[in-house]
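These notes are about the structure you will find just below.
The values are calculated or read from the model by the stated rules, or taken from the named source; none is laboratory data. Quick caveat, the model's predicted, so the values are computed rather than measured. Here the Cβ is made from the backbone with ideal geometry for all residues, glycine too, and neighbour counts use every protein chain on show. Calculation scope for accessible area: heavy atoms of the full protein, side chains included, ligands and nucleic acids excluded. Shrake-Rupley method; radii C 1.70, N 1.55, O 1.52, S 1.80 Å.
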Amino acid sequence: MPGENLTTWSFFFLEGFSKYPKLEIILFAFSLVMYLVTLLGNSTLILITILDSRLQTPMYFFLGNLSFMDICYTSASIPTLLVNLLSSQKTIVFSGCAVQMYLSLAMGSTECVLLAVMAYDRYVAICSPLRYPLLMSRQVCVQLATVSWVTGCLTALLETSCALRMPLCGNLIDHFTCEILAVLKLACTSSLLMDVTMLAVSILLLPVPMLLICISYVFILSTILRISSAEGRNKAFSTCGAHLTVVVLYYGAALYMYLKPSSSGSQQIDKIISLLYGVLTPMLNPIIYSLRNKEVKDAMKKLQDKISSHQTHERI
């Protein structure tokens, strides 16, 4: 029927991994454990950066933002995934789908910018240590974090509003979440505005920050190699190595998802990749930073000692 293309759907079906019912139980346990570890790890990291005065520095300020972002990012989609993995009716209402799409895009986009900001912070700390307190003052750090959040939230708002205006010819989303690329596959017609918007935002938030990160690390590496002290080199490599690990994991998956041709790749592979950067990376972030950072490990030990002494005092 001519008017069928303009139907406004009140809810959507999320296909997820329903073609593999035996796999769903494994994925439920896998996703639940990773989500709980993500909440615990990132919450602990935020807590110790607030409580320990030694960690109230620009690097840990940005790391706290990253941890909060990861909590919001996973909470936007993983609870829905967990419910649907155990449910025969894998549905989500239109408003819930719109909110989920926006939050996922906003947090993911903000993280792209924030990782570039964190690379700049490491560049200033290692290449211009004497000017570091001036160049990375509290005011500058807040401004850089604000730019990251505003850029991510506005670009997500633009993409989501454009996507929600598209006429959809069905309500079966071949994904476990309202991921924008999966939703756009339901569009009845192609839209030049939507295509240009997605391409412009993807270039702005993926190759551009990646280029800035690469440039920063070229200067960082050349400076580290000139450090005469072995201890100084090891400390610089440790903090930068943690950041680079997160960058490779996150950007690698995001570049594959958003800059590959829409006709290439399997939707099942896309779902697995989405799990990698949507669940695994947020879980690994606090682990990577804490395991490779002596200051974080010392702060965690100090916090554990305080808790233990408090419990001992209560028993007495």
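For the reader, a short list of remarks on this structure follows.
- Of the three principal axes defined by the Cα atoms of segment 1-103, the extents in descending order read 66, 35, 14 Å.
- Rounded to whole numbers, the Karplus 3J(HN,Hα) couplings from phi for segment 167-179 are x, 10, 9, x, 10, 9, 8, 7, 6, 9, 8, 7, 6 Hz, using 6.51 cos²θ - 1.76 cosθ + 1.60 with θ = phi - 60°, and x at Gly and Pro.
- At R0 = 30 Å, FRET efficiency that the Cβ-Cβ distance of residue 51 and residue 10 yields, to 0.05: 0.05
- About its Cα centre, the chain has a charge dipole of approximately 880 debye under the convention of +1 per Lys or Arg Cβ and -1 per Asp or Glu Cβ, with nothing else charged.
- Ellipsoid semi-axes in whole angstrom, largest first, where each is sqrt(5λ) of the Cα gyration tensor of segment 158-308: 40, 21, 12
- Per-residue HN-Hα couplings for segment 158-166 [Karplus 6.51, -1.76, 1.60; θ = phi - 60°; Hz; x = Gly/Pro]: 5, 5, 5, 5, 5, 5, 6, 7, 6
- Spacing of the two label points (7 Å from each Cα toward its C-beta) at residue 193 and residue 166, in nm: 1.4
- Build a GNM of the chain with springs between Cα atoms under 10 Å apart, and of 302, 19, 271 the one that fluctuates most is 19.
- The Cys residues in the chain with no partner Cys Cβ within less than 4.7 Å of their Cβ are 72, 112, 127, 141, 153, 162, 214, 240.
- Annotation: amide H-H contacts under 5 Å for residue 11 (H modelled 1.01 Å from N, sequence separation of 5 or more, or interchain): 94.
- Contour excess over end-to-end distance, with Cα ends at residue 20 and residue 43 and 0.36 nm allotted per residue: 5.0 nm
- Residues 217, 251, ordered by accessible area of protein heavy atoms at a 1.4 angstrom probe radius and largest first, appear as 217, 251.
- Where N is the number of residues in segment 41-149, Cα Rg divided by 2.2 N^0.38 Å: 1.34
- Legend: translational diffusion of segment 108-165 by Stokes-Einstein, Rh = Kirkwood radius over C-alpha pairs, 20 °C, 1.002 mPa s; D = 170 µm²/s.
- Among 165, 122, the sequence by solvent-accessible area, most first, with a 1.4 Å probe is 165, 122.
- Computed over every Cα-Cα pair of segment 11-306 and binned at 10 Å starting from 0, the pair-distance distribution P(r) comes out as 6, 26, 33, 21, 11, 3, 0 percent.
- Rounded accessible area per residue of the chain, 1.4 Å, Å²: 51
- Note on the chain: with neighbouring protein chains present and a 1.4 Å probe, carbon and sulfur make up 70 percent of its accessible heavy-atom surface.
- 23 Å Cα cut-off, lysine pairs counted over the chain (separation 8 or more, or different chains): 17
- Ligands, DNA and RNA aside, residue 210 has an accessible area near 50 Å² when probed at 1.4 Å.
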